[in-house]
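Readers should treat all values here as calculations from the given coordinates under stated rules, not as data from a laboratory. Given the structure is predicted, the values throughout are model-derived calculations rather than measurements. For neighbour counting, all protein chains shown are included, and Cβ atoms are generated from backbone atoms with ideal geometry for every residue, glycine included.
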Amino acid sequence: MADKNETILAIRDLKVDFTTPDGTVNAVKGIDLDVRAGETLAVVGESGSGKSQTMMGIMGLLARNGAVTGSASYRGRELIGLPPAELNKVRGAKVTMIFQEPMTSLDPLYPIGRQIAEPIVHHRGGTYKDARKRVLELLELVGIPEPGRRIDSYPHELSGGQRQRVMIAMALANDPDILIADEPTTALDVTIQAQILKLLRSLQERFGMAIVLITHDLGIVRHFAERVAVMRRGQVVEQGTTADIFERPTSDYTKMLLAAEPHGRKAAPADTAPIILEGRDVVVDYRIGGGLFSGGKAMFRAVDRVTVRLREGQTIGIVGESGSGKSTLGRALLRLIPGAGYYRFGTTDISGYDRARMRPLRKAMQLVFQDPYGSLSPRQTVGEVITEGLLVHEPDLGRAERDRRAIAALKEVGLDPDARNRYPHEFSGGQRQRIAIARAMILKPKVVILDEPTSALDRSVQGQVIDLLRTLQQSHSLSYIFISHDLSVVRAMSDYVVVMKDGRIVEEGETDLIFEAPADAYTKALIGAAFHI
Amino acid sequence: MIAFVLRRLASAVPTLFIVVTISFFLMRFAPGGPFNLERPLPPATMENLVRTYQLDQPLWRQYVTYITNAVTGDFGPSYIYKDNTVAELIGKGLPYSMELGFYALLLALIGGVTMGTVAALRQNSALDFSIMSLATVGTTVPNFVVGPVLTLIFAIALSWLPAGGWGDGSLRFLILPMIALALPQLAVFARLTRGSMIEALHADHIRTARAYGLPSRVVVVTHAMRGAMLPVVSYLAPCAAALLTGSAVVETIFTIPGVGRYFVLGAINRDYTLVMGTVILIAIFVIVFNLLVDILYGLLDPRVRHD
């Protein structure tokens, strides 16, 4: 076993700068960090903290406009400033890396077996044929079923979790000393996340390599890392053992990060509260494939006989992994996509309503999306974005009145009213999500469907958005349907939880009941994966 | 795969039919006719001609006759080259056009892809700017300027190459028209390649390849270039169809006996059958090359494989 006191990678005064048209950006401002043999070091920070760029700098993977200075010494060998040909002897062999995006980190045009074999062939010599045996071993090792068949599969034929396993196989191929894992589970579903982390841990126990885990997710850090370095704005603000960091944090920033874990509970409305939105036996089918000449079309049932009743003042959390049908259900409940079943808004039966008849009701039923970047038109000012709905629903309002309403809505979501004359790209992710919320709130809705509204945000920003949503709910007696794969957020937001899998409800009930005493095996796995990794 | 090809060929039939129908009627609705010459023909001669070529029949009957004949491979006589059928004219000229077009295509493809790749790898360098300026020149300066200038320099001033004609068909005769024909397409290929190479080099999987210590030659050629070729391959179909069916301008300047002139001459003289023949020829080329490109696409990209 490796000697855990031996430093194998010593980073000293490392700086990463990017030259941009607006001047030089100092992404990493001179950090010192040690990686010891066989340990798991977590580098934690929010987006823009420089945690990824530190590792990219060492590995020679910075964007063209980036430059790295300082020192990173791997077992006495300086890596910074090495010519590419020399660096190529270290990277991919002794120091390897896996990335956040398992979907795009593999070349879509080559079979996975060949891609795993590439570093073997290049670092050890031999032919692809020779490497095949080793590749099969590696696939077996990372738990790819039927390696003999899968070795010739293309990346698009594998799931996200399997692709990350393939990346891990690649990383292990040359018996590395250090494996850098850059947000390795961020893009994956929680149950898959847990499997990947378990795999990494068991491989580490077996082969003894050090793991540098770059992540924003404190939950993962707590259960996985031995030491933690917290980064903020290009600097290491605190480092120490995991226990120390979590129990006795010294820097204010670390304390803030720890406190930003969503907390609090929401009380359920009275049983007598009237039902504001109902979908009974909702079924949504998608047509897949089929063309003019190819004939046969297939149907895919995204939502299969699901019943949801939302009471006034209630928040129903809909949880499930990607492909579970939770977003589709949300859209079907708002009658944005066609679906079979019985639908009711307040006391009105809206089952047979077409688009035109739904329009007057839309004002009261709003939707906030996950992606605060994609859901705001880049060519409209924030003022135009948030008042657009008023033009449709309250066309009689004068310009001055619309402006007054825009100011009020922006104030309500905690933004400066001057924001209405600026464009969305001038705002951060959290601010954009506030703009998206203001756009919904300006119409004074009764029901808001929140589709992963916090998933693209940093934890500390997430907390603020959650607080905002709670305040709005109380002051306007709103009813929410909160769709998310993030169980800790759902737990803090909802008073009732629906767990979906493969288009069906597997379990539902009051939030505390679901989280404390889940009955269904899938719910148990989901909650186990999220909270006790 | 075979099923895919058969299905595509079957779907080509209605496409061709629609192309033929639209061109037939467009041609007939254009004012004038094949025998409206500057010096009018005596009425009796005119009447004779019209009857011989069945132009006195109702339009729908002419259309039905044309279609039924065309299906059997009879595209009728040409109205201006009176001793030849359209099939003979095209059959005679096509080999010249195709040979010239093939060389031009090779030049455009190899030259353009090489230049585009070099430009992408040296993005925003002096070399990149020079290559892209050259490409702009290639796109903006028309054939009828490039052709005579080339002749002036290489045939007349330097006397290195013949000024025109097919001669014995040796490469010497082909070089100048080939360059004139290829240049605009070369510029397009260079531009396309540069753009998609730059994008490909920024892909996440390129970062993976670099992170695993692969030599940059392997990163560029094996991983970036194959993906970057997809948009280039898409453009290959219309480009090949255009080059192989000849260019009126280049063939006229260099007096090449190809089919490129027929489309323009036919249209000007209202030589209905000749225009229709050329239209069908181009349509078939476009359809066939689109099919070939789709097959090639499937070979390059496993995600769109046709099974």
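What order, most packed first, do the peptides A:459-472, A:63-76 have when packing is the mean number of other Cβ atoms within 10 Å of each residue?
Ranked from most to least packed, the peptides come out as A:459-472, A:63-76.
Taking only the alpha-carbon positions of chain B and ignoring solvent, what does the Debye formula give for the base-10 log of I(q)/I(0) at q = 0.06, 0.07, 0.11, 0.15 Å⁻¹?
Log10 of I(q)/I(0), two decimals: -0.28, -0.38, -0.83, -1.22.
Check which residues have an amide H placed less than 5 Å from A:E46's amide H, if you skip close sequence neighbours.
Distant-sequence amide H within range of A:E46: zero hits.
Could you go through the stretch A:225-239 in sequence order and give the Karplus-derived ³J(HN,Hα) for each residue, using 6.51 cos²θ - 1.76 cosθ + 1.60 with θ = phi - 60°, rounded to whole Hz, and x for Gly and Pro?
So the Karplus estimates, Gly and Pro as x, are 9, 8, 10, 10, 10, 9, 10, 8, 6, x, 10, 7, 8, 6, 9 Hz.
So if we plug the beta-carbon distance of A:K524 and A:R222 into 1/(1 + (r/R0)^6) with R0 = 25 Å, what FRET efficiency do we get, rounded to 0.05?
Computed FRET efficiency for A:K524 and A:R222: 0.75.
For the stretch B:184-307, report the convex hull volume of the alpha-carbon atoms normalised per residue, in Å³, without decimals.
In the stretch B:184-307, the Cα hull volume divided by residue count equals 127 Å³.
For the stretch A:168-233, compute the orientation-averaged projected area of the C-alpha convex hull (one quarter of its surface), in nm².
Working: hull surface 19.5 nm².
Average of the hull's projected areas for the stretch A:168-233 equals 4.9 nm².
With an 8 Å cut-off on Cα pairs and a minimum separation of 6 or more residues, tell me the relative contact order of chain B in percent.
Details: 374 pairs, mean separation 83.3, N = 307.
Worked out over chain B, it gives 27 percent.
Return a whole-number percent for the relative contact order of the stretch B:157-269, with Cα pairs under 8 Å and 6 or more residues apart as the contact set. Please list the in-between numbers first.
Values: 84 pairs, mean separation 32.9, N = 113.
Relative CO of the stretch B:157-269 lands at 29 percent.
Restricting the count to DSSP beta bridges whose residues both fall in the protein assembly as shown, what percent are antiparallel, rounded to a multiple of 5?
Restricted to the protein assembly as shown, the bridges split so that about 60 percent are antiparallel.
Mean separation of Cα pairs under 8 Å and 6+ residues apart, divided by the residue count of the stretch A:116-274: what relative contact order is that in percent?
On the way: 139 pairs, mean separation 23.6, N = 159.
The normalised contact order for the stretch A:116-274 reaches 15 percent.
Using +1 at the C-beta of Lys and Arg and -1 at the C-beta of Asp and Glu, which of A:G429, A:V392, A:L468 has the Cα lying farthest in the positive direction of the dipole of chain A?
Working it through, the farthest residue towards the positive pole turns out to be A:V392.
If the only charges are +1 at each Lys and Arg Cβ and -1 at each Asp and Glu Cβ, what is the size of the charge dipole of the protein assembly as shown around the Cα centre, to the nearest 20 debye?
On the way: 88 positive and 82 negative charges, 156 e Å.
About 740 debye.
All other residues with a Cβ under 12 Å from the Cβ of A:L410 taken together, and with Lys, Arg as +1 and Asp, Glu as -1, what is their net charge?
+3
So for the stretch B:41-185, what are the equivalent ellipsoid semi-axes in whole Å, largest first, each being the square root of 5 times an eigenvalue of the Cα gyration tensor?
45, 20, 15
In whole Hz and in residue order, list the ³J(HN,Hα) couplings for the stretch A:212-221 that follow from phi through the Karplus curve 6.51 cos²θ - 1.76 cosθ + 1.60, θ = phi - 60°; x for Gly and Pro.
Values per residue, Gly and Pro as x: 9, 9, 9, 7, 9, 9, 5, x, 5, 4 Hz.
Considering only Cα-Cα distances, which of the following residue pairs are longer than 20 Å: A:K29/A:K51; A:K266/A:K444; A:K326/A:K411; A:K15/A:K89; A:K89/A:K129?
As for pairs spanning more than 20 Å Cα to Cα, those are A:K266/A:K444; A:K326/A:K411; A:K15/A:K89; A:K89/A:K129.
If you filter the stretch A:358-419 for trypsin sites (Lys or Arg not before Pro), then keep DSSP loop positions with at most 15 other Cβ within 10 Å, what is left?
Of the trypsin sites (Lys or Arg not before Pro), the ones in loops of the stretch A:358-419 whose Cβ has at most 15 other Cβ atoms within 10 Å are A:R379.
Over the C-alpha atoms of the stretch A:10-130, what are the Rg and the largest Cα-to-Cα span, Dmax, in Å?
Final numbers for Rg and Dmax: 16.2, 51 Å.
Among DSSP beta bridges lying fully in the stretch A:407-533, give the percent that are antiparallel, nearest 5.
55 percent
For A:R311, enumerate residues with amide H under 5 Å from its amide H, sequence gap 5+ or separate chain, H modeled in the peptide plane.
Those lying under 5 Å, H to H, from A:R311 are A:I276.
Grab the DSSP H runs of chain A that are 4 residues or longer, score each as -39,500 (n - 2.57), total them, divide by all residues and round the 222 nm result to the nearest 500 deg cm²/dmol.
So the calculated ellipticity at 222 nm is -11000 deg cm²/dmol.
So how strong a dipole does the stretch A:322-412 carry about its Cα centre when Lys and Arg Cβ are +1 and Asp and Glu Cβ are -1, to the nearest 20 debye?
Charge dipole of the stretch A:322-412: 160 debye, to the nearest 20.
Determine the shielding of peptide A:100-110 by partner chains: average, over its residues, the number of Cβ atoms on other chains within 10 angstrom of each Cβ. Let's see the in-between values first.
Working: counts 1, 4, 1, 1, 5, 8, 4, 11, 7, 11, 5.
For this peptide, the per-residue mean of nearby foreign Cβ atoms is 5.
What net charge do the residues around A:K29 carry, taking every other residue with its C-beta under 15 Å from that of A:K29, with Lys and Arg at +1 and Asp and Glu at -1?
In short, +2.
Along the Cα→Cβ direction, 7 angstrom out, place labels at B:M46 and B:A87. What is the inter-label distance in nm?
3.3 nm
Over the Cα atoms of the stretch A:1-79, compute the convex hull volume and normalise it per residue, giving Å³.
89 Å³
Within straight cross-link reach of B:K82, meaning Cα distance under 23 Å, which lysines are found once same-chain residues fewer than 8 apart are removed?
B:K92
Please work out whether the stretch A:331-404 counts as rounded, prolate or oblate from its C-alpha gyration tensor, where a ≥ b ≥ c are the square roots of the eigenvalues and a/c under 1.5 means rounded, while otherwise a/b larger than b/c means prolate and anything else oblate?
oblate
Along its principal axes, what span do the Cα atoms of the stretch B:44-117 show, with the longest given first and each in whole Å?
63, 24, 20
Computed FRET efficiency, Cβ-Cβ of A:K29 and A:N5, R0 22 Å: what is it to the nearest 0.05?
The calculated FRET efficiency here is 0.20.
Report the far tail of the P(r) of the stretch B:105-234, meaning the percent of Cα-Cα pairs longer than 21 Å.
Values: 4204 of 8385 pairs.
Tail of the P(r) past 21 Å holds 50 percent of the pairs.
Let me make sure I get this right: for the stretch B:254-307, a, b and c are the square roots of the gyration tensor eigenvalues over alpha carbons, sorted descending. Under 1.5 in a/c it's rounded, otherwise prolate if a/b > b/c, else oblate. Which is it?
Prolate shape, in that a/c is at least 1.5 and a/b is the bigger ratio.
Among B:L214, B:L176, B:L106, which one shows the biggest mean-square fluctuation in a GNM of chain B, springs joining Cα atoms closer than 10 Å?
Result for chain B, Cα springs under 10 Å: B:L214 fluctuates most.
Going by a ≥ b ≥ c, the root eigenvalues of the Cα gyration tensor, does the stretch A:317-459 fall in the rounded group (a/c under 1.5), the prolate group (a/b larger than b/c) or the oblate group?
oblate
Kirkwood Rh, the stretch A:199-347, all Cα pairs: how many Å?
Roughly 20.4 Å, rounded to one decimal.
Given springs between every Cα pair under 10 Å in a Gaussian network model of chain B, which of B:T52, B:T278, B:T117 has the largest fluctuation?
B:T52
Quick one: if you stick a label point 7 Å off each Cα along the C-beta vector at A:Q235 and A:L397, how many nm between them?
Reported label-point gap for A:Q235 and A:L397 is 4.5 nm.
Which of these, B:G73, B:G138, B:G213, has the largest mean-square fluctuation under a Gaussian network model of chain B (Cα springs below 10 Å)?
Maximum fluctuation in the GNM of chain B, among the listed residues, is at B:G213.
Using helices alone, what [θ] at 222 nm do you get for chain B, with -39,500 (n - 2.57) per DSSP H run of 4 or more residues, divided over all residues and rounded to the nearest 500?
Mean residue ellipticity, 222 nm, calculated: -23500 deg cm²/dmol.
Give me the one-decimal nm value for the distance between modelled label points at A:D285 and A:R64, 7 Å along each residue's Cα-to-Cβ direction.
Modelled inter-label distance: 5.1 nm.
What ranking, highest mean first, results for peptides A:27-34, B:270-277, B:292-299, B:28-35 when packing means the other Cβ atoms within 10 Å averaged over each residue? Walk me through the numbers on the way to the answer.
Details: A:27-34: 19.5, B:270-277: 24.0, B:292-299: 15.9, B:28-35: 13.0.
Per-residue Cβ counts within 10 Å, averaged per peptide and sorted highest first, yield B:270-277, A:27-34, B:292-299, B:28-35.
Can you give the percent of C-alpha pairs in the protein assembly as shown whose distance is more than 40 Å?
On the way: 194153 of 352380 pairs.
The calculated P(r) of the protein assembly as shown puts 55 percent of pairs beyond 40 Å.
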